[in-house]
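Heads up, the thing below is written out as structure tokens.
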Amino acid sequence: MLELAVFSRRGCHLCELMLEELVPLCRDRATISVLDVDSREDWRQAYGSRVPVLCIAGQEVSVARLDRGALLAIFTASP
């Protein structure tokens, strides 16, 4: 099963929207970890105000809005 990371921030409306769209797509396909960018200085510097950021295996897949096409392509390509 794939492991997805969503770099997020408390009170971020776009973050909430991405998660609402992401959760049903990932059911039985992937696990989602929501990571607070403000909890670590390196994440805050890396992502700043560019949240939400969806990463899979350390690669950015979506920034700000979910790229459904890219995510579904990854699901299709994964074993």
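Below are the figures for this structure:
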| item | result |
| --- | --- |
| Residues (farther than 15 Å from L4 by Cα and aromatic (F, W, Y)) located in the stretch 27-79 | W43, Y47 |
| Condition met for G11 (modelled with pLDDT under 95 and at positive phi) | no |
| Candidate set: the stretch 1-16, residues that are free of Cβ contacts under 8 Å to residues at least 12 places away in the same chain and not in a loop (DSSP other than H, G, I, E, B); chosen: the one surrounded by the most Cβ atoms within 10 Å (Cβ to Cβ) | E16 |
| Residue match in the stretch 1-9 (condition: touching a helix residue (DSSP H, G or I) at 6+ places or on another chain (Cβ under 6 Å) and more than 23 Å from S78 (Cα to Cα)) | yes |
| Of the criteria (1) surrounded by fewer than 18 Cβ atoms within 10 Å (Cβ to Cβ); (2) out of contact with any Phe, Trp or Tyr (no Cβ under 6 Å at 6 or more places or on another chain); (3) of a type outside the set (A, V, I, L, M, F, W, C), which one R29 fails | (2) |
| The listed residue being at pLDDT 95 or above, on the phi < 0 side of the Ramachandran plot and small (G, A, S), out of S62, S49 | S62 |
| Candidate set: the stretch 56-65, residues that are of a type outside the set (S, T, N, Q) and touching a strand residue (DSSP E or B) at 6+ places or on another chain (Cβ under 7 Å); chosen: the one nearest to S8 (Cα to Cα) | V63 |
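Residue by residue, here is whether (1) out of contact with any strand residue (DSSP E or B) (no Cβ under 8 Å at 6 or more places or on another chain); (2) touching a residue at least 60 places away in the same chain (Cβ under 8 Å); (3) among the hydrophobic types (A, V, I, L, M, F, W, C) holds:
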position: L35; (1), (2), (3): no, no, yes
position: W43; (1), (2), (3): no, no, yes
position: L54; (1), (2), (3): no, no, yes
position: D67; (1), (2), (3): no, no, no
position: I74; (1), (2), (3): no, yes, yes
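The values are calculated or read from the model by the stated rules, or taken from the named source; none is laboratory data. Owing to the predicted nature of the structure, the values given are computational and were not obtained by experimental measurement. Reconstructed Cβ throughout: ideal geometry from the backbone, glycine too, with neighbour counts over all protein chains shown.
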